[in-house]
Each structure stands twice: as C-alpha cells, then as structure tokens.
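The values are calculated or read from the model by the stated rules, or taken from the named source; none is laboratory data. Just so you know, these numbers come straight off a predicted model, no measurement behind them. Positions of Cβ are generated from backbone atoms using ideal geometry, with glycine treated the same way; all protein chains shown enter the neighbour counts.
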Amino acid sequence: MKSTFNSRWGFLKYYFSRNHLLWESLSIEDKNLVLKNNVIKNNMIYFDSEKYDLNHGHLGDPTLTLRGKKLMDFVEEEKPEAVLELGPAQGYYTDTLFSSGSIKKYVGVDIVPGFIEFLKRKYQKHIKNKTFDIQLWNCDGLEYMRSQPSGSFDLVLCYSCLHHIPDRLNWIQEASRIIKLDGSIYGFDPTHYLWRYRNLVRRYAHIIWKGFKHRIGNGNPCTHHFLTLSELKYWESNSDLILREITFYCKKRRIPSWCRYLAMNVAIC
C-alpha cells in the first residue's frame, strides 16, 4: 500500500487538513507511522527540559498570561480534588492547580521522559512530605486512561497538549469516561486557522520543497493539528462530551465564534 507521506501532496494534505477528517482516512500503516513518530518527534523537540523551562516557564502564571488566568479562574470555581493532567511538561499549569488548595490527588502523564524527571525534582517536597497523592508517569496518555476505572477524576486537564495528539477522538472518549458525572475536561489550545497556516509555511516550507519521503526517518510525520470548531462539534457528537464553553481568542482578546478564523487559541470546557 502506498503511503500518504511519500509525496509533497501527501505532506500538504496531512499538515493542512483538519485532524478529525484526516485521521480516519489514513491507512493502518500510516496511522502507526504517525503514532510512532509522534513519540520520536516530541522527545527530539523537548529533550532539554531545563532549557525549555527557561524559555516557557512563565506560561502558567495567571498574572502574566491569558492561559494561566483562565485556568486559575476555573479551578477556583470548580475546586477539583482528583486531577489528571495530560502533557504537563514542566508543570507551568500544575503550579496553578496546586495553588488552589483543593487538590487531594494529582496524576501527571507525559510521553517525554525528561519532563517527568523534571517534575519529580520540582515537586520532590510535595512527594516527600505527602502533601497529597501525587503520581507522575512517563507513558502514553491514552494507555493510562484505558487502565483507569470510570469516574476516577474530577478534572482532566489538557493545556497546550491536544495539538500533539494524532488520535484525539479516542482520547476524548476515554477522558469522558474517566471523569465523574459532575467532572470536567478543560483545555486551552492553538487553533487551526489563519495563524496556523502562516506558521506552517514558515516552519515547513523547506520540507515541502525537498520532498517529504526524505524526512520520515527524522521523526516525521508527527502531529501538530490544531483545533477547529468543526472538530470540537465532532467530538461532542461522537462521545459523551458536553461542551459547556468554546471561547476563541486572538492574542489576549476574546472574539466571537464567527471571527474564529482570526483566532490564535481556543478554550474548551
């Protein structure tokens, strides 16, 4: 079977198509290739956790960023006790969770080993003093969720994480299963609109020119399919997820959904 990724057209189709439409069209062989290379690529990009923290450590600060403020407002209102955070990286948003004072159980799951080791050092005081139940796992988030009983968590947090996930519908279905009846899935992620296309052209133009098949061995194709309104609605119609809030933002300004093509981020709950 011919792979989608052995041509420039295949590359363009993969990176510029909406994730929920594209994923189901891929062959099993190509899906396995993407899943495998997603782990490779993320470990290549984020291997130096200390350096990444220096450049991005401000992201979760509610006094500095919209993402941090939105999360702070959410946890202060909801006061979750059992939280699963998927893709915590260096704990930018974990700090905001812990500062709420309501957490009794926290589980952080990341496919990048360096991030988990970083978090173990960062939160060693919590772990040693057993301030609350804190677990850190280096594994695939979907595999972890499948191992958990239904209704295990008050909150599943996916902050700047979903665009790294190729098979997102399965993630949403499992996340919907493991939250309690009054629980929430909360995410804040980049969108797949005009800003996305600009960044893709700037970042991947050289790969398009050279031909994609020469890049497969270097960890491509992976995934960076950002979120669109149509995909969010697709999740809702194919899972137990009920979307209470879909808010689009351009920089720090909230914009109406009909202006979403100018959006840079979307918050979902």
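The rows are residues; the columns are (1) without any contact (Cβ under 8 Å) to a residue 12 or more places away in the chain; (2) in a helix (DSSP H, G or I); (3) surrounded by 18 or more Cβ atoms within 10 Å (Cβ to Cβ); (4) not aliphatic (A, V, I, L, M).
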{"residue": "Q90", "(1), (2), (3), (4)": "no, no, yes, yes"}
{"residue": "T96", "(1), (2), (3), (4)": "no, yes, yes, yes"}
{"residue": "V107", "(1), (2), (3), (4)": "no, no, yes, no"}
{"residue": "K128", "(1), (2), (3), (4)": "yes, yes, no, yes"}
{"residue": "L136", "(1), (2), (3), (4)": "no, no, yes, no"}
{"residue": "L155", "(1), (2), (3), (4)": "no, no, yes, no"}
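Across segment 60-78, the qualifying residues are those that are touching a strand residue (DSSP E or B) at 6+ places or on another chain (Cβ under 9 Å) and not β-branched (V, I, T), and the one among them that is modelled with the lowest pLDDT is G60.
Note on segment 159-269: enclosed strands (runs of 3 or more DSSP E) holding 1 or more residues that are at pLDDT 80 or above and farther than 22 Å from T96 by Cβ are 179-190. Residues in segment 137-159 include none that are more than 15 Å from the chain's Cα centre (by Cα), under 13 Å from L84 (Cβ atoms) and of a type in the set (A, V, I, L, M). Among the residues of segment 138-153, the ones that are surrounded by 13 or more Cβ atoms within 10 Å (Cβ to Cβ) and either assigned to a helix (DSSP H, G or I) or hydroxyl-bearing (S, T, Y) (or both) come to 5 in all.
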